[in-house]
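Q: The structure's right below; bear with me while I get my questions together.
The values are calculated or read from the model by the stated rules, or taken from the named source; none is laboratory data. Fair warning: this is a prediction, and the values are worked out from it, not measured in the lab. Quick reminder, even Gly has a Cβ in these numbers, built from the backbone with ideal geometry, and neighbours come from all protein chains shown. Just the protein is used for accessible areas: all its heavy atoms, side chains included, with ligands, DNA and RNA removed. Shrake-Rupley method; radii C 1.70, N 1.55, O 1.52, S 1.80 Å.
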Amino acid sequence: MTTTATNANRCVDIQLHMTRNEAHLFALLLKRLTFSDVLSCAVDRDEAHDMIEALKPLDQGFAEAGFCPR
């Protein structure tokens, strides 16, 4: 998928269908994912920061669905 400057900041809705156990495990992954983990996959620190920011709506969605592991 190619992202252009024109559509890069448009919101998209993404639906997920998973079991409660899968959702719990995914929420745990989001909780345990560190900046260092993301940095190891990113091109540079700026991209790593952007990736972390991009995870926030996903994390919030899981929390709103009742998956907010401590």
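Q: Could you list, in sequence order, the residues of segment 27-36 that are open to solvent by 70 Å² or more (accessible area, probe 1.4 Å) and within 21 Å of Arg70 (Cβ to Cβ)?
A: Leu29, Lys31, Arg32
Q: Give Asp50, Asp13 a once-over and let me know the one that is out of contact with any Cys (no Cβ under 8 Å at 6 or more places or on another chain), assigned to a loop (DSSP other than H, G, I, E, B) and open to solvent by 100 Å² or more (accessible area, probe 1.4 Å).
A: The match here is Asp13.
Q: Another one. Here are some conditions: (1) free of Cβ contacts under 8 Å to residues at least 40 places away in the same chain; (2) surrounded by 12 or more Cβ atoms within 10 Å (Cβ to Cβ); (3) outside any loop (DSSP other than H, G, I, E, B). Asn21 meets all but one. Which one does it not meet?
A: Exception for Asn21: condition (2).
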